[in-house]
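> Questions regarding the structure given below will be posed in turn.
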Amino acid sequence: MKLINTLVILFCSIVALAQEQSLFNGKDLSGWTIYGTEKWYVEDGLLVSESGPDAQYGYLATDKHYKDFVLTLEFFQEADGNSGVFIRSTVDGTKVSGWQVEVAPKGHHTGGVYESYGRGWLIKPEAEKEEVLKEGTWNTMKIRVMGDELVSWLNGVEMVSIKDDKIGAGEGSIALQIHDGGGIKVKWRNIKITTPE
């Protein structure tokens, strides 16, 4: 019984030390910075990312840096959908350093982890998990980054889990991406982060 009480106290302490906050207020892009010439705007309470006339890479990054966290968000791929969520990233112009949890059309490894301007794909979801992505509606993504471990979920299904020293040493922002090539439109909502205090 004493052990159970100790575990309950420990669990409550951990929960108390975690703080959830919204990264998107549904009104404007406060707390974020746009990189590149692609379109980022708020419409009907949603964050919209859309290819601009230059059809190049574009990023929307948090002004604040986040190291260890659990991030949850919803996305709707209205057109193409080749995008992503970067963690522990920095952006210089439109060149990003960091790790991307992929958001892409079905069959293109949503939930996988890609290192831009580095090692490329670090891990892709198993082939049968490509069917977890829902087309024409909202999807929920969860990303947990703790130390050198990154785990992603899509619609409640664990997609990948990886431990990597370089990820562990990373520092930076959370950033949403628009891929180059044009024709992309993705909507985002309920972007929430839980961080240890």
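> In whole angstrom, and with the biggest value first, how far do the Cα coordinates of region 151-197 range along each principal axis?
36, 25, 24
> Roughly how tilted is helix 2-17, in degrees to the nearest 10 and between 0 and 90, from the longest Cα axis of the chain?
Result, in degrees: 30.
> Okay, moving on. Stokes-Einstein D for region 102-151 at 25 °C, 0.890 mPa s, Kirkwood Rh over Cα pairs, in µm²/s?
Once the numbers are plugged in, D ends up at 204 µm²/s.
> So for region 43-197, what percent of the C-alpha to C-alpha distances run longer than 27 Å?
15
> Per the helix-only calculation at 222 nm, which mean residue ellipticity applies to the chain, given -39500 (n - 2.57) for every DSSP H run of n ≥ 4 and division by its residues, nearest 500 deg cm²/dmol?
Rounded to the nearest 500, the figure is -3000 deg cm²/dmol.
> Applying 1/(1 + (r/R0)^6) with R0 = 25 Å to the Cβ-Cβ distance of Glu126 and Lys192, what FRET efficiency is obtained, to the nearest 0.05?
0.35
Each value in this text was obtained by applying a stated rule to the coordinates, not by laboratory testing. On a predicted model such as this, the values are computed, not experimentally measured, just so you know. Positions of Cβ are backbone-derived with ideal geometry, glycine not excepted, and every protein chain shown enters the neighbour counts.
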